[in-house]
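Enquirer: Pasting a structure here, questions to come.
The values are calculated or read from the model by the stated rules, or taken from the named source; none is laboratory data. Nothing here was measured: the structure is a model prediction, and the numbers come from that model. As a convention, Cβ positions derive from the backbone with ideal geometry for all residues, glycine included, and neighbour counts pool all protein chains shown.
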Amino acid sequence: MKTIRKKMLPILTLMLVLSVILSACSKNDNKASNSPSESAKATDSASPSASESASAPADDKPDNSKEVKLVGYLLGEAPKGMPDVLSALNVKLKADINATLELNYIGWGDVASKYPLILASGEDVDFVFAADWNFYVSEATKGAFLPIDSSMLAKYMPKHNAKLPPEAMQAAIVNGKSYMIPTSTPDRKVNAAVVRKDILAKAGLTNVTKFSELEPYFAEIKKDYKDMIPLNLDSQYDLPTPWGYLLQEKIAYPGAPIDSGDPMAVGVSTDNEDPSGKIVSMMDEPFISAEKYATGLMKKWYDAGYVNKNPYANKVRSKDNFCEGKSGVAFGNSIDLQGTLSACAAKGIDVQLIPGLSPTGHAPSNSWLNNGIAIAANSKNPERALQALDLIMEDEAYVNLVYFGIEGKNYAVTADGKLTLPEGTTAENNTYPPDAAGFWFVNKDFFKPWDTWSDSYVELNKKVKDYLLPPTYLGFSFNSESVKSEIANLKNVSTQYASPLFIGVVKDVDAGYATLASKLKAAGIDKVKAEVETQAAAFLAAKGK
Amino acid sequence: MDLATETRKQTRIVPRDDERLKTGGFIRELIRNRILYLMFVPIAVYFIIFAYIPMAGIVMAFKDFNYRSGIFGSPWNGFDNFHYFFVSGKALLVTRNTVIYNVIFLTCYTAFSITAAIFIAEIQKKWFKKMAQSMMFLPYFISWVTVTAFVYNFLNYEYGIVNKILDAFHLSAIDIYSTTWYWYFILPFLYVWKWVGYGSVLYLAAIVGIDQEIYEAATIDGANRLQRITRITIPLLKPTMIILILLGLGRIMRGEFDMFYQLIGNNGTLMDTTDIIDTLVFRSLQGSLDFGMASSVGFYQSVLTLAIILFANYLVRRYDKEQALF
Amino acid sequence: MKDMTARNSKLDRSPLFTTVTYLIVGIIAFVCLVPFIVLIAGSFSSESSVLKEGFWFWPRELSLDAYRAIFRYPHDILSGYRVSILLTVVGTSVSLFISTMTAYVLYRKEVKYRSALAFFLFFTTLFNGGLAPYYLWLSKNLHLQNTYSVLILGPMFNVLFILILRSFIRGSVPEPLVESAKIDGAGDLRIFLQMVLPLSKPALASIGVFTALAYWNDWWTALMFTNKDYLIPLQYLLYKMLSSINLSAAMSQHVTNLDQPKETFKLAMTVVATGPIIVLFPFVQKYFVSGITIGAVKG
């Protein structure tokens, strides 16, 4: 041992020295990393003066005399046809605002690792995709984005500013400033379950409006369709979904607790249609009895064999094998179910949609922040980036170009004003498939319907508008910075103790909830609730103003 | 080549002047063996640049990181980043699980790899040997995502192949995904299946490296195949075995994250028996991008591993200095 | 390798022993092979048959959709192969040579601080600063994004391999051999090049395979540090394709491609990525190793 120690000592010393040297030289690089953010601060402080000058009539037009190259990051993968679309786009941008664009993509599976790194590194980046489901609040807290004020918007994004209600910018406020430019058209979608009409008829069901009414449908499947599992759930999306539908029959549940936004989690929530916006723990009334009702029914179904026994291990979503006759219900929302509906229509399967609605027959409208764009804190040309985005988001020709590609090559318009694929282009060989390029924040009111949409889909989309109701906390995003340890543990406890309750695989429902409640308490749900209450009260106060 | 065979002929043992070597200071040592130390320079430079410099970022575990101030400018926050892990009440459980699973994996992996290597070495038909080895390597290429899909296809309750077979024999179906004890076998089995090719290549290389003359001498002395295996091959594999086990211990706090994450995922029923440190951390931090919290537990794992490996290395050194890692 | 068992001894000819040997090896190999057969069969199945009836030992409904999806832009795949092969060949050669050289230094008893040096290397496997500092250091300070250098240097060395090599060298190059070479006047470098390298061929072959596999399978470095098409190795290309398929399946309102292969794509992806290496490697391996050792002897 002695000899080891003797030998270790110099090594450890060496390492210590080394790491000191290293941290010293990294400190230098740190200074370098500071400089872009300082310049960001500079533009930050410059913006008020810009807004002052904006009021002066002579200075109304931004100065675009110097050509700039803007770098943007979006999510997903660049479609094959991107170079063509980009060069067409750059021709337009060059003519309009003397700028060109370079686009990079952060792969769908790598967002959690790469997105913060790109922002942290101060690499050349001018704008990035941003959304509340994509770490907006936490990244804004860490200083990743440039604050945007209304005068900047007015000056550099006049078209978007005209379309965007002030609430939207309000919703984007984190620690007193907005860091994101939300889309002017948040998605309009409701969750929906798809069922088969022929089996419904066999089960003697005619007008199903509630999910719990489907029980005879499940029994019929179990009896006569040997290969089909009534509720064939996958581990990611479907697992908490039927439980959520049942919960919604009793209470207007936001779909995920507000403290984490994770549908797999249980935590602090609110009744969406309660105008006073009381914040409650999901272990308290009115939630707990609704949850017990949902779990009770799920348990009944699970025990009867209506639910697949091993959803945790299943990676195939029910909407993907519904038309193959493996699943009795397909779960999705009014946007992503389109593929399922068309596939079933092609196979001659008649379906019915059951939207997931609250007791009053409504669904919460989507947050303003579900799609948007942010300017990177160290962008060198934030003004020009804003102007470019104004065109991309709100100019019809731009919107069609970035979203659907080149007319005549990637899409065409039929005589009755519907979108279709041009002669010789199929969905398979289309080099620029719609939705794929990551421009989800553009003004979607410019979109025309596709000629391939099935009738039930078009019908659903028509109804969606009527279902939607703005919830009390529309636009509220919880900043979990001060309770992040507790949130981490709540999530962890939820997956272990709540997810069995979602599918009903428990011996005793009451005992299951008692365990969950005690675990959540130990994980600090009360502290989180207090924090949510504080922030929610501040939000409501600001909204009331 | 010439030099090697030439010197091999004259394997007389030259007594080394150990005393002379041990005297002298640090600088004299560097000068004396300058060529050897120079040969170490490339790797040293590489590891300083690609490992030691970024290693300074370990301080993030103790900081409240933000982009404006950067890694070193961000304020310290003591052990706040560690807080969530230790108050979760599961720190001890997952640490224990991690160690237990890795010990089981390491044992099974070593046993199977050695067995496979020894028997492959015994095979005389060259094509069979090559083919068997290539086949054993195939699982290495199949990602855990795909393995998970196959396992589900095989074991799931409703239409898994296992239950279909049981059904054919009029036996009642089994629900493997909700029964804990199966997984004590399934997980090590899959681990060994995945890595046996990899391990056997290493042991086989060690066997091939054994001096043929030793075998020839033993054969002349009348040793049969079995005796040659137990008396020569296995004892001579010991150094390789020790080094591979020590290296395996270096990963004892980590574990095959993908395997656990893909196969078990969020299965609450199995979780207490299958949760390892990495999966707990992943689950807790899903949906948040907190560098500090992510690196804090990594630091905890590193410190524990360092302690374990120093102890194991100390034991090996007591037994035989030359077989230790360092 | 010479056939060492062909000598006369009764057990040597025992058919029982031989049978048991073949049986054990055969069973292990078979268990490893079966899932791969299922994988290949699945990759040639239609997506709907896999969703409907699961995987099987042969395609229940033959379809090339998954391969068609992969090879839709053959130019990209070829470029992916080109980058991957380039990285693997260059990276493995350099890495193997320097790793063995390092292992040799750690093996030599004369090196008084060899334990310290080994610890210096091993320590890096235990502690690391995490992803963020690594990324920031390489991209912001060293400016290695979008270079071949980062793809080669990133995954270049594995400390475990170096330490394994050291133990192999110790096993196949007896100490006295080095001593007598020294007495004959050979320098440390010459001993390494002309004696240690040739004698460690089996070790070089196996560690060479592992290093090559590490390069071939490395998509992570490319993911982190490149966004230029010409730098994309095969595995990363396939990874990107899969990710965009998943994306369009999850997000899309407009995609009209109904039977897009997803499950089968994953399987075909493995076949495309591993096929060449499985088929070619046993042949290439031999030349690779002799290339390094002969090159060293001549140089």
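Enquirer: In this structure, is C:VAL90 more than 9 Å from chain B (Cβ to nearest Cβ) and either more than 21 Å from B:LEU246 (Cα to Cα) or not in a loop (DSSP other than H, G, I, E, B) (or both)?
Expert: Taking the combined requirement at face value, the residue satisfies it.
Enquirer: Checking the structure you have, find out if any residue of segment B:257-279 is more than 8 Å from chain A (Cβ to nearest Cβ), surrounded by 21 or more Cβ atoms within 10 Å (Cβ to Cβ), at positive phi and at pLDDT below 85.
Expert: No.
Enquirer: Looking only at residues that are under 21 Å from C:LYS52 (Cα atoms) and hydrophobic (A, V, I, L, M, F, W, C) in segment B:167-182, which one is farthest from the chain's Cα centre (by Cα)?
Expert: B:ALA168
Enquirer: So which of C:THR102, C:THR5, C:THR18 is at pLDDT 90 or above and of a type in the set (Ser, Thr, Tyr)?
Expert: One residue alone meets the criteria, C:THR102.
Results for (1) more than 30 Å from A:GLU396 (Cβ to Cβ); (2) within 14 Å of chain C (Cβ to nearest Cβ); (3) β-branched (Val, Ile, Thr), shown as yes or no for each residue.
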| residue | (1), (2), (3) |
| --- | --- |
| A:LEU460 | no, yes, no |
| A:GLY475 | no, no, no |
| A:ILE487 | yes, no, yes |
| A:SER494 | yes, no, no |
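Enquirer: Also, quick follow-up: Could you check how many residues of segment A:144-171 are surrounded by fewer than 23 Cβ atoms within 10 Å (Cβ to Cβ) and under 19 Å from A:PHE478 (Cβ atoms)?
Expert: Total meeting the criteria: 4.
Enquirer: Looking at B:THR110 and the list (1) farther than 30 Å from C:PHE17 by Cβ; (2) assigned to a helix (DSSP H, G or I), which single condition is not satisfied?
Expert: B:THR110 satisfies all of (1) farther than 30 Å from C:PHE17 by Cβ; (2) assigned to a helix (DSSP H, G or I) except (1).
Enquirer: Pick from C:SER149, C:SER167, C:SER95: which is without any contact (Cβ under 8 Å) to a residue 40 or more places away in the chain, crowded, with 21+ Cβ neighbours inside 10 Å and in a helix (DSSP H, G or I)?
Expert: C:SER167
Enquirer: Pairs, please: C-beta under 7 Å, at least 6 apart or cross-chain, first residue surrounded by 17 or more Cβ atoms within 10 Å (Cβ to Cβ) and in segment B:89-106, second of a type in the set (Gly, Ala, Ser) and assigned to a loop (DSSP other than H, G, I, E, B)?
Expert: These pairs meet every condition: B:THR98/B:GLY255; B:TYR101/B:GLY255; B:ASN102/B:GLY255.
Enquirer: Let me ask something else about it. Helices (runs of 4 or more DSSP H) wholly in segment B:256-297 with at least 2 residues that are out of contact with any Gly (no Cβ under 9 Å at 6 or more places or on another chain) and aliphatic (A, V, I, L, M) - which ones?
Expert: In segment B:256-297, the matching helices (runs of 4 or more DSSP H) lie at B:257-263, B:277-285.
Enquirer: Go through (1) facing chain B (nearest Cβ under 9 Å); (2) in contact (Cβ under 8 Å) with a residue 60 or more places away in the chain for C:ALA103 and report which single condition fails.
Expert: Of everything listed in (1) facing chain B (nearest Cβ under 9 Å); (2) in contact (Cβ under 8 Å) with a residue 60 or more places away in the chain, C:ALA103 misses just condition (1).
Enquirer: Within segment A:431-447, restricting attention to residues that are within 11 Å of another protein chain (Cβ to nearest Cβ) and without any contact (Cβ under 8 Å) to a residue 60 or more places away in the chain, which residue is farthest from A:PHE129 (Cα to Cα)?
Expert: Looking at the filtered set, the residue picked out is A:PHE447.
Enquirer: Just give me the residues in segment A:192-221 being buried (at least 20 other Cβ atoms within 10 Å of the Cβ) and within 18 Å of A:GLN248 (Cβ to Cβ), in sequence order.
Expert: Selection gives A:ALA192, A:ALA193, A:VAL194, A:VAL195, A:PHE211, A:LEU214.
Enquirer: Same structure, new question: Here are some conditions: (1) assigned to a helix (DSSP H, G or I); (2) more than 10 Å from chain C (Cβ to nearest Cβ). B:LEU244 meets all but one. Which one does it not meet?
Expert: Unmet condition: (2).
Enquirer: Pick from C:SER84, C:SER49, C:SER139, C:SER79: which is outside any loop (DSSP other than H, G, I, E, B) and buried (at least 21 other Cβ atoms within 10 Å of the Cβ)?
Expert: Exactly one residue qualifies, and that residue is C:SER84.
Enquirer: Another one. Just one of A:VAL442, A:VAL528, A:VAL483 is in contact with a helix residue (DSSP H, G or I) (Cβ under 6 Å, 6 or more places away or on another chain) and assigned by TED's automatic domain parsing to the domain that holds A:THR414; which is it?
Expert: None of the others qualify; the one that does is A:VAL442.
Enquirer: Let me ask another. Of B:ALA132, B:ALA149, which residue is surrounded by 17 or more Cβ atoms within 10 Å (Cβ to Cβ), without any contact (Cβ under 8 Å) to a residue 24 or more places away in the chain, in a helix (DSSP H, G or I) and within 14 Å of chain A (Cβ to nearest Cβ)?
Expert: B:ALA149
Enquirer: Pairs needed: first member in segment A:192-213, part of a helix (DSSP H, G or I); second member anywhere, of a type in the set (D, E, K, R); C-beta distance under 7 Å; at least 6 residues apart or different chains.
Expert: That search, which allows pairs on different chains as well, returns A:LYS197/A:ASP350; A:ASP198/A:ASP350; A:ILE199/A:GLU220; A:LYS202/A:GLU220; A:PHE211/A:GLU249; A:SER212/A:GLU249.
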